[in-house]
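Take a look at the structure set out below.
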Amino acid sequence: MARAFAVLALAARCGLALEYCSSVHPDADCETLRAHDTGAPHFLDTGSLGGSTTLEDLMGTGIQELKYMTSTKKSKKARGVSMGAKFRNFRRDALEMRWDDGSPEGVYSGMIPALGRSSTLSYDGHSFIFTHPKTKQRIARFTMKAGANLYIIPPADDDAETVASEDYKKSLEEVAFMERYDAENGIPWLAYYPRAKPVLNMWPAEFLGQTHVVASPHAYHVSDDEKHSGDLALSLQVLSHAPAGPRVFLVREMLSEFECDHIIELGTKVVRKSMVGQGGGFTSKTRTSENGWLRRSASPILENIYKRFGDVLGIDHDLLRSGKNAEELQVVRYDRSQEYAPHHDFGDDGTPQQRFLTLLLYIQLPEEGGATSFPKANDGMGVQVVPARGDAVLFYSMLPDGNADDLALHAGMPVRKGQKWVCNLWVWDPHRHGH
């Protein structure tokens, strides 16, 4: 049985230093994980059910649904494959962006600011048209091509100042860098350029079933005033691993039944129609749910849950604040037929700050449907999961070298019967934009 262990060592003042030695790559040097001191009394173990673990093996652990989406592996650059695309606008006017669906007007996909940037999920072969919002003059049209992920709208012919600007020269350098990166690594560079490696902890995900177990002193609430006694032992089990897919973990029993009910009670007061896109967003058929935001300080119960988040993530819970590394907790409600089509959680807004991870909490499960899917996992076979109530799925939107992970594409699949509630905790690296 293949196993990999993390050895607990003390580090001056910062608390925990975790040394991880891979059993999959025994010749590789051991790695010191950048886990912060979360206040947890012990880091218990990290190991595996075995190197030959299958999704069927994991189904026996109480998960409601866990399966491949297709039986066929797919090339990452096959014709028609989904892809992340970045756009740079070097015009002095904001432009409308529309997906060319064959209709005269196209499908509105947001605005790209003057001398600004935008990014989106698209598909090989799809086209986007950029027009002036007042004159409706077409400025540019791009057809997406797998392996080409940056598209530049050049300055106007008479704009010598922008042509000579450092930003425009840097964008041309970025094109050359992306071509080299793709040639060397076989994947596109989708993050801000240049971008350093992440500073926050990233749990290793080397093979299916690999399991990390962490201890947390922040016990479950079973009522407003009562908590369970004793520490929690929470497991993170790999559902998808690199390089075959994104780094995805199932976290069992992240929340108690009472805590789930408490979040629904708070969330009912704040949910409204969901938006997509940057700069305030817009409504879209790709996201038909309702959502709202809960402050960490909304209740002592949420404060305790946030401390537990820190233990599971290996990140100092004090960083999980909107003024530091995290967004407020997003609560989302899906009714029958509602969904969130495949998308990435990261973007490129012109700064190195980026969403680093998503902790997706399952608060209430529908009677049918509503799985979370990762279409690019397992060499394109994909994986979809419906865990138990109170479980969570953790996945990373960044790679260890600082790039955004294109394989972290995911979707909230349509609810067929009943109602679904989930929460998203988004953590940024190296800190949240604007803070």
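What strands (runs of 3 or more DSSP E) lie completely within the stretch 75-162 and have 1 or more residues being in contact (Cβ under 8 Å) with a residue 40 or more places away in the chain and open to solvent by 40 Å² or more (accessible area, probe 1.4 Å)?
Numbers: elements: 82-89, 95-99, 107-112, 117-123, 127-131, 138-143, 150-153.
Output list reads 107-112, 117-123, 138-143.
Tell me, please, whether a residue that is within 20 Å of ILE301 (Cβ to Cβ), in contact with an Asp or Glu (Cβ under 6 Å, 6 or more places away or on another chain), aliphatic (A, V, I, L, M) and modelled with pLDDT under 95 can be found in the stretch 250-271. Yes; the residues of the stretch 250-271 include at least one that is within 20 Å of ILE301 (Cβ to Cβ), in contact with an Asp or Glu (Cβ under 6 Å, 6 or more places away or on another chain), aliphatic (A, V, I, L, M) and modelled with pLDDT under 95.
Which ones in the stretch 122-152 are among the β-branched types (Val, Ile, Thr) and more than 28 Å from the chain's Cα centre (by Cα)? First the steps, then the outcome.
From the stretch 122-152, those among the β-branched types (Val, Ile, Thr) are 129, 131, 135, 139, 143, 152; that's our starting set.
Of everything in the stretch 122-152, those that are among the β-branched types (Val, Ile, Thr) and more than 28 Å from the chain's Cα centre (by Cα) turn out to be THR131, THR135, ILE139.
Here is the figure for the stretch 333-377: residues that are open to solvent by 20 Å² or more (accessible area, probe 1.4 Å), assigned to a loop (DSSP other than H, G, I, E, B) and more than 18 Å from LEU409 (Cβ to Cβ) total 11.
Counting only residues that are modelled with pLDDT under 95, part of a loop (DSSP other than H, G, I, E, B) and touching a helix residue (DSSP H, G or I) at 6+ places or on another chain (Cβ under 8 Å), which one in the stretch 220-236 is nearest to SER397 (Cα to Cα)? My answer is VAL222.
Would you pick out the residues in the stretch 163-188 that are assigned to a helix (DSSP H, G or I) and in contact with a Pro (Cβ under 9 Å, 6 or more places away or on another chain)?
So in the stretch 163-188, the residues assigned to a helix (DSSP H, G or I) come out as 163, 166-185.
Listed by number, the residues that qualify are VAL163, TYR168, GLU174, PHE177, MET178, TYR181, ASP182.
Yes or no, residue by residue, for (1) surrounded by 15 or more Cβ atoms within 10 Å (Cβ to Cβ); (2) assigned to a strand (DSSP E or B); (3) under 24 Å from the mean Cα position of the chain (by Cα):
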residue	(1), (2), (3)
LEU190	yes, no, yes
ARG195	yes, no, yes
VAL213	yes, yes, yes
VAL238	yes, yes, yes
PRO243	no, no, yes
PRO246	yes, no, yes
LEU255	yes, no, yes
GLU259	yes, no, yes
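The values are calculated or read from the model by the stated rules, or taken from the named source; none is laboratory data. Just so it is clear, the model here is predicted, and its values are computed rather than measured. Glycine gets a Cβ as well: all are built from the backbone with ideal geometry, and neighbour counts include every protein chain shown. Areas reflect the complete protein model, heavy atoms only, side chains present, ligands, DNA and RNA absent. Shrake-Rupley method; radii C 1.70, N 1.55, O 1.52, S 1.80 Å.
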